[in-house]
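Down below is the structure, laid out as structure tokens.
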Amino acid sequence: MQNINKGFGLLFEMGCGKTLTAIAIAGAGYQMGKVERLLIVAPTSVVAVWPKELQEYAKFKYTCKTLLGEKKQRIKQIDDLLKFPFKALKVAVINYESTWRPEILEKLKEFDADMVIADESQRIKTYDAAQSKAMHELGDQARYKLILSGTPVQTAAIDIWSQSRFLDKSVFGDNFFKFRGRYAIMGGYGNKKIVGYKDLEGLIKKEHSIAFRVTKDEALDLPEQTFETRKIQFNQKEKNLYERIKKDSYAELDGGGHITATTVLTRLLRLQQLAGGFLVQDDAQKPQLVSRAKLDALADIIEDYVIGSGKKLVIFARFIAEVKAIMELADKVLPKELKQVAIYGDIKKEDRGDIVKQFQENPKIVLFIGQIDTAGTGITLTAADTCVYYSKNFNYATYSQSLSRIHRIGQRNCCTYIDLEIEGTIDELISKALSRKEDMAKTVVDNWRDFF
């Protein structure tokens with residue numbers, strides 16, 4: 001913490017503790033009197049994770065604001081932090097896409113963070129992107145900086161310049177084209193395409209002079225299974241819709257009629273479908289997509305851990321509409337050479353074995369999308385070591401079985417599970433019930449008011 005206007009990279013693979021380490025560093029800076037204001041910039045789907053991580057790990061006084069919502073609301077939250085009257089680390093968390101918006105960028109400069117943390121810093125790999133330039137400005141103003149990434153170089157060694165420029169421009173210089181001339185071999189039409197690299201050993205040595213790399217293989221004390229929750233927020237319109245349906249469901253159940261497990265579960269299903277982004281109208285032919293909150297969060301994960309890390313990924317969802325929406329998303333975000341496979345209720349049983357085999361053996365098939373009740377048992381998906389739960393069902397036995405699709409004989413890596421949960425919805429209640437190893441279908445009649 002003694003160097004002025006210097007930065008450092010925590011290049012930890014997922015599950016190796018980079019968030020915990022970053023919180024410890026920020027906390028040490030605060031206790032030493034070096035850091036009073038902390039700015040954390042993260043992908044949108046990760047912004048809401050940071051307050052939870054701080055609550056769990058921070059053993060120092062802090063106050064935290066997530067800068068979400070309308071522009072005026074974000075600016076007010078920064079003002080509230082600046083006016084906070086008590087001694088505590090003032091923490092602002094914002095998504096990358098908002099940092100370069102003129103009024104917000106000026107307000108972030110006024111916040112004048114002592115430390116800036118760039119979480120999943122590969123998001124600023126493009127040297128001339130608006131959010132990269134904004135981060136360079138904020139980094140130049142800050143006294144201390146951290147980048148957190150398991151994949152700092154996603155597609156090319158050239159990706160490291162912008163991230164290093166944010167940390168410490170003395171390492172690779174302040175000019176991207178000089179950096180490219182030093183390490184890249186140009187060719188192709190007009191001599192404008194990178195066709196190779198030179199002195200990569202020297203580049204890596206310089207990069208590691210301000211960074212520390214940790215892989216899962218090196219972290220020998222890691223548990224075999226790591227669980228992570230991505231908290232996602234509805235916008236106000238989506239919140240209002242969810243609350244309306246929730247209140248209507250309560251009113252129907254509280255109307256004095258005979259309550260059965262079926263009547264309660266039917267209404268819970270409707271809430272869960274809405275948490276997944278779909279509104280099911282009574283007279284509609286099919287569910288209507290009314291929210292992309294979870295899909296956007298999933299797109300972040302696919303970008304980071306499939307496109308960025310070159311790994312395969314398993315995604316489970318409860319409803320066919322969700323599975324098909326995820327398939328459409330994958331078609332949009334995956335490069336043309338990478339493919340997906342899926343198993344859900346409409347897929348013939350005799351075709352499923354070949355689908356699993358393709359995922360296990362074909363390096364170009366990087367996503368397996370499964371309906372949890374259909375694909376959560378009896379198959380092996382050890383080509384992946386990471387599994388995302390877009391949504392889960394109410395049955396603990398089915399959930400437990402689905403965990404074992406990647407965590408079984410043949411798996412050589414630690415397994416990571418990521419739950420996508422809409423904050424303040426049925427998603428959280430389902431996760432709590434499953435953590436207690438409960439089958440909700442057996443308890444909803446007696447405890448139905450707990451869910452609405």
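Numbers below:
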read-out	value
DSSP-defined beta bridges in the chain - what % are antiparallel, rounded to 5	10 percent
Contact order normalised by residue count of the chain, Cα under 8 Å, 6+ apart, percent	15 percent
Average silhouette area of the range 146-214, convex hull of alpha-carbon atoms, in square nanometres	4.7 nm²
Whole-number accessible area per residue in Å² for the range 84-157, which is evaluated in the context of all protein chains at 1.4 Å	34 Å²
Portion, in percent, of the accessible area of the chain that falls on carbon or sulfur, probe 1.4 Å	50 percent
On Cα atoms only, tilt of 320-333 relative to the major axis of the chain in degrees	20 degrees
Nearest-ten-degree value, helix 293-302 long axis tilted from longest Cα axis of the chain	50 degrees
Amide H contacts under 5 Å for K6, placed H, 5+ residues apart	K145
Greater than 20 Å apart at Cα, pairs in K107/K133; K65/K294; K52/K231	K65/K294
C-alpha long axis of helix 18-31 to longest principal axis of the chain, angle in °	60 degrees
Inverse mean reciprocal Cα-Cα distance (Kirkwood Rh) of the range 263-370, Å	15.0 Å
Per residue solvent-accessible surface (Å²) - the range 224-364, probe of 1.4 Å	54 Å²
Cα-based shape type of the range 1-151, given that a ≥ b ≥ c are square roots of the gyration tensor eigenvalues and the cut on a/c is 1.5	rounded
3J(HN,Hα) from dihedral phi, the range 98-111, Karplus parametrisation 6.51/-1.76/1.60, rounded to Hz, x for glycine, proline	8, 5, 8, 5, x, 5, 5, 4, 4, 5, 5, 5, 5, 4
Two-site label geometry, A157 and K205: point separation in nm, points 7 Å out along Cα→Cβ	1.3 nm
Ranked order, R244, R405 - accessible area, probe 1.4 Å, largest first	R244, R405
Estimated vicinal HN-Hα couplings, Hz - the range 353-367 in sequence order (Karplus 6.51, -1.76, 1.60; Gly, Pro = x)	x, 5, 5, 4, 4, 4, 5, 6, 10, 8, x, 7, 9, 10, 10
Protection-proxy order for peptides 137-147, 117-127, each taking the mean of Cβ atoms within 10 Å per residue, highest first	117-127, 137-147
All Cα pairs of the range 23-68, percent lying beyond 15 Å	43 percent
For the range 367-408 and the range 175-206, distance of Cα centres in Å	43 Å
For the range 1-83: accessible area per residue (Å², 1.4 Å)	48 Å²
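The values are calculated or read from the model by the stated rules, or taken from the named source; none is laboratory data. This one's a predicted model, so the numbers in the text were calculated from it and none came from an experiment. All Cβ positions, even for glycine, are placed from backbone atoms using ideal geometry, and neighbour counts span all protein chains on display. To get the accessible areas, we keep the full protein, side chains included, count just its heavy atoms, and leave off ligands, DNA and RNA. Shrake-Rupley method; radii C 1.70, N 1.55, O 1.52, S 1.80 Å.
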